[in-house]
Each structure stands twice: as structure tokens, then as C-alpha cells.
Amino acid sequence: MNIPAHAPLHLLHTAAVGTLATHARQPEGFPYPSMLPFAPDTRHRPTILVSRLAEHTHNLRADPRAGFLVVDARDGDVLSGQRVTLLGTFEPVDSTPEVVQRYLRYHPDAERYLVLGDFTFWAMKLERLRYIGGFGAMGWLSGAELDSLPPLGVDEENALIEEFNRAYGGGGAFQLLGVDRYGADLKLAGVRKRLAFDDAGLTPETLHTALEGCIKRQTN
């Protein structure tokens with residue numbers, strides 16, 4: 001069954017936590033699942049922050065191949081909800097100001113881990129993914145099919161975030177977390193939401209218009 005790439009893409013921006021499955025070192029070869037917070041990077045790939053002492057980190061250093069499961073079943077009905085299983089390899093990511101800033105927008109409490117100096121970022125390089133949108137709606141995509149457009153530049157995204165947080169962020173009830181060509185992530189009254197654009201924003205003008213329209217519909 002053909003699955004539109006925007007469905008798993010939006011799901012990766014909806015959930016805050018995923019299940020990482022690495023290859024155990026002891027007992028060797030067994031799947032080792034663990035739950036972790038994550039943030040989507042500019043290519044919508046999961047970025048995780050892990051301790052150097054954690055078992056899953058040791059596993060990734062020995063074998064970077066992994067699976068990552070993301071689920072959205074807010075009513076508790078997992079079989080009717082959306083889920084996507086990502087297959088690929090995790091690679092260490094330098095803690096640049098851009099990486100840190102983006103991750104902390106999604107997970108501000110993680111700042112206490114960063115000051116310890118023991119935690120590092122890893123991002124997933126996607127090979128394949130399987131999306132299930134409910135009974136009878138499922139299929140495989142290659143990693144390249146998730147997003148064929150060039151990512152939004154960091155400066156362009158930051159400018160939009162600053163502009164709209166300044167315009168709508170009075171009292172802290174509104175916070176824009178991230179913007180990409182397909183939608184935006186925000187917190188509204190403490191609840192995280194994914195706003196999907198009707199069409200991909202290919203120019204600064206269309207992106208700004210789509211973002212403004214989505215936010216107005218949410219805040220009016």
C-alpha cells in the first residue's frame with residue numbers, strides 16, 4: 001500500500017518519546033529496547049541525548065544499527081493509533097550551539113544533563129521505515145522518501161520562531177518550537193501540537209503565510 005511520506009513525517013514531530021532498540025552486547029545479539037526523549041532534526045530524523053555510561057550508548061558504539069519506534073495513541077488504543085518503526089544507524093553529533101538550542105526547545109529540562117558533561121547527542125541515519133496509520137493503512141518507505149526537499153536553514157527557522165514567539169508568546173502560553181517546510185511544532189498552554197501545512201512551504205513568503213494561518217486558527 002502506498003503511504004504518503006508526510007504521514008510518518010508529521011508523526012515524528014508529534015511524539016516526544018520513542019523506543020530505541022539496540023543490539024545488546026551481553027547477552028550478545030539480543031534486542032535491547034529503552035525509552036528515550038527525542039527531538040526531530042532539520043531532516044526530521046530522531047536526535048537523542050544519551051549518557052556515555054548508558055547501556056544503549058555502549059551498544060550503539062559496538063553496533064550503530066538500531067530501530068526506533070514512535071507511537072501516537074493518545075486514547076490508549078495502540079492498534080488504531082499511528083506508529084512508525086525506523087531502521088538505520090545512529091551517529092554521534094557534535095554539540096554545536098544550533099544542535100543544543102534546537103533540542104532544548106523541545107526538551108528544556110535536558111539542560112541539567114548537558115551541564116554534567118557526560119551526555120552526547122546522536123542522530124539517526126534512516127535506511128527504511130514502516131508506517132502504520134491504523135488498521136489496513138500501512139507500508140514501507142525508504143529513508144530518502146521521508147523528505148525530498150532541502151531543509152529549512154537554521155537562520156530562517158530561528159527568525160520565524162523569534163518573530164512568532166514575540167507576536168503570540170505573551171504570558172508564556174504560546175511557544176513555537178520548530179518550523180519546517182511541512183509544518184510547525186508548538187506548545188499551547190503547555191500542550192505540544194503539530195500544525196501541518198496544506199502545502200509544502202517552498203519560499204519564505206509561502207512558509208510565512210502558511211505558518212501565520214495555522215497559528216491564527218489555533219489561537220483564535
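Derivation of every value follows stated rules applied to the coordinates shown; laboratory data play no part. For clarity, every value in this text was computed on a predicted model and none was experimentally measured. Don't worry about glycine lacking a Cβ; one is built from the backbone with ideal geometry, like all the others, and counts go over all protein chains shown.
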Alpha-carbon spread of the stretch 6-145, three principal axes, descending order, Å: 46, 37, 30
Could I have the simple spin-label model distance between residue 109 and residue 218, label points 7 Å from Cα toward Cβ, reported in nm to one decimal? 2.1 nm
Taking a crude spin-label model, label points 7 Å out from Cα along the C-beta direction, the residue 158 to residue 62 distance in nm is 4.0 nm
Take 121, 90, 174 and order them by how many other Cβ atoms sit within 10 Å, fewest up front. 174, 121, 90
When the Kirkwood hydrodynamic radius is evaluated over all pairs of different C-alpha atoms of the stretch 58-206, what value in angstrom, to one decimal, is obtained? 17.8 Å
Charges at C-beta only: +1 for Lys and Arg, -1 for Asp and Glu. How large is the resulting dipole of the stretch 97-178 about its Cα centre, in Debye rounded to 20? 320 debye
What residue among 163, 28, 98 shows peak mean-square fluctuation when the chain is described by a Gaussian network model with Cα springs under 10 Å? 28
Given the options 179, 70, 78, state which has the largest fluctuation in a GNM of the chain using a 10 Å cut-off (strictly under) for Cα springs. 78
With 10 angstrom as the radius, rank 99, 17 by how many other C-beta atoms surround their C-beta, starting from the fewest. 17, 99
According to a simple spin-label model (label point 7 Å from Cα along Cα-to-Cβ), what is the distance in nm between residue 93 and residue 28? 3.2 nm
As a test of the formula, what do you get for the chain when each DSSP H run with n ≥ 4 contributes -39,500 (n - 2.57) and the sum is divided by the residue count, at 222 nm and rounded to the nearest 500 deg cm²/dmol? -8500 deg cm²/dmol
Top of 84, 154, 71 by mean-square fluctuation, Gaussian network on the chain, Cα under 10 Å: 154
For a label point 7 angstrom out from the Cα of residue 101 toward its Cβ, which stretches of the stretch 131-173 have the backbone nitrogen within less than 16 Å? 152-166
Out of 159, 79, 22 - ranked by how far each Cα lies towards the positive end of the dipole of the chain, with unit charges on the beta-carbon of charged residues - the top one is 79
Report the charge-dipole magnitude of the chain in Debye, nearest 20, computed about the Cα centre from +1 at each Lys and Arg Cβ and -1 at each Asp and Glu Cβ. 500 debye
At 24 angstrom or more along the helix axis (alpha-carbon based) and mean Kyte-Doolittle of -0.5 or higher, what helices does the chain contain? Whole DSSP H runs only. none
Neighbouring Cβ atoms within 10 Å as the yardstick, rank 161, 215 fewest first. 215, 161
Just the Kirkwood number for the stretch 154-219, please: inverse of mean 1/r across all distinct Cα pairs, in Å, one decimal. 11.7 Å
Within the stretch 73-103, list the residues whose amide N lies under 20 Å from a label point set 7 Å along Cα→Cβ of residue 142. 85-90
